[in-house]
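**Q** Okay, here's the structure, questions in a sec.
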Amino acid sequence: MKLWHGSPTKINSPVILEGRFHGMFFASSKESAVGLGVPKHFYTVEIPDEEIADARDFLYDHSATQEAIKAYGDDAETMLMLMGGYVSEWDDPEAAHTANRAINGIDEDPGMDIDELSWDIQKESAILAGKMGYKAVAVEDEHGTSFIVLPGEKLKED
């Protein structure tokens, strides 16, 4: 699958770096690869479909469940439900609290930033996909389906 990333600034690295989301966001078309700001530069990656995980499938995948249990213990099911969009940190305060504890080790809610927590959940989806041997993961966000491509994949300027 060919994926697109739009950037207002030139990216000097020939490969995707770690970054805030354990990779870089891409879209399935150049038209939707707007990103933040007005893109002046577009980049592509080519990843075979079978090497792209779908976060919605994690909840029903045995290897994802096993990796989630290792990472999150008793909070694994809630984390998989959040990653897959079956529950929302925005609408379910209990799930948000669980995620904050599982990811950040914070078992209190005062001042919890839901934007940051939402980004943390996306990052955790990418980390889990990497542990399972994938090169990218499809996640649902405000743009619909977006793809986080993991570190090390080669960027090609369009």
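**Q** Add +1 for every Lys or Arg and -1 for every Asp or Glu among the other residues with Cβ under 14 Å from the Cβ of residue 158, and state the total. Walk me through the numbers before you get to the answer.
**A** Values: positive: 2, 10, 30, 40, 154, 156; negative: 31, 46, 157.
Result for the neighbourhood of residue 158: +3.
**Q** Which residues among the stretch 1-22 fall inside the zone where the amide N is under 16 Å from a point 7 Å beyond the Cα of residue 154, along Cα→Cβ?
**A** From the stretch 1-22, the list is 1-3, 13-17.
**Q** Next question, about the same structure. So, in Å, what gap is there between the alpha-carbon centers of the stretch 118-149 and the stretch 22-93?
**A** Distance between centres, Cα-based: 2 Å.
**Q** Between residue 30 and residue 44, what is the label-point separation in nm under the 7 Å Cα-to-beta-carbon projection?
**A** 0.8 nm
**Q** If you don't mind, there's one more thing I want to ask. Where nothing but the Cβ of Lys and Arg (+1) and of Asp and Glu (-1) is charged, how large is the charge dipole of the stretch 29-156 around its Cα centre, in debye to the nearest 20?
**A** On the way: 10 positive and 28 negative charges, 173 e Å.
Dipole of the stretch 29-156, to the nearest 20 debye: 840 debye.
**Q** Cross-link partners among lysines for residue 123, C-alpha distance below 24 Å, same-chain residues fewer than 8 apart left out?
**A** Here the lysines satisfying the reach criterion relative to residue 123 are 2, 10, 30, 70, 131, 135, 154, 156.
**Q** As I understand it, the dipole of the stretch 29-75 uses +1 on the Cβ of Lys and Arg and -1 on the Cβ of Asp and Glu, about the Cα centre. Which of 59, 29, 71 lies farthest toward its positive end?
**A** Of the listed residues, the answer is 29.
Values in this text are rule-based calculations from the coordinates and carry no lab data. Values in this document were obtained by computation on a predicted structure and should not be read as measured data. Because the Cβ atoms are built from the backbone with ideal geometry, glycine has one as well, and the counts that use them run over all protein chains shown.
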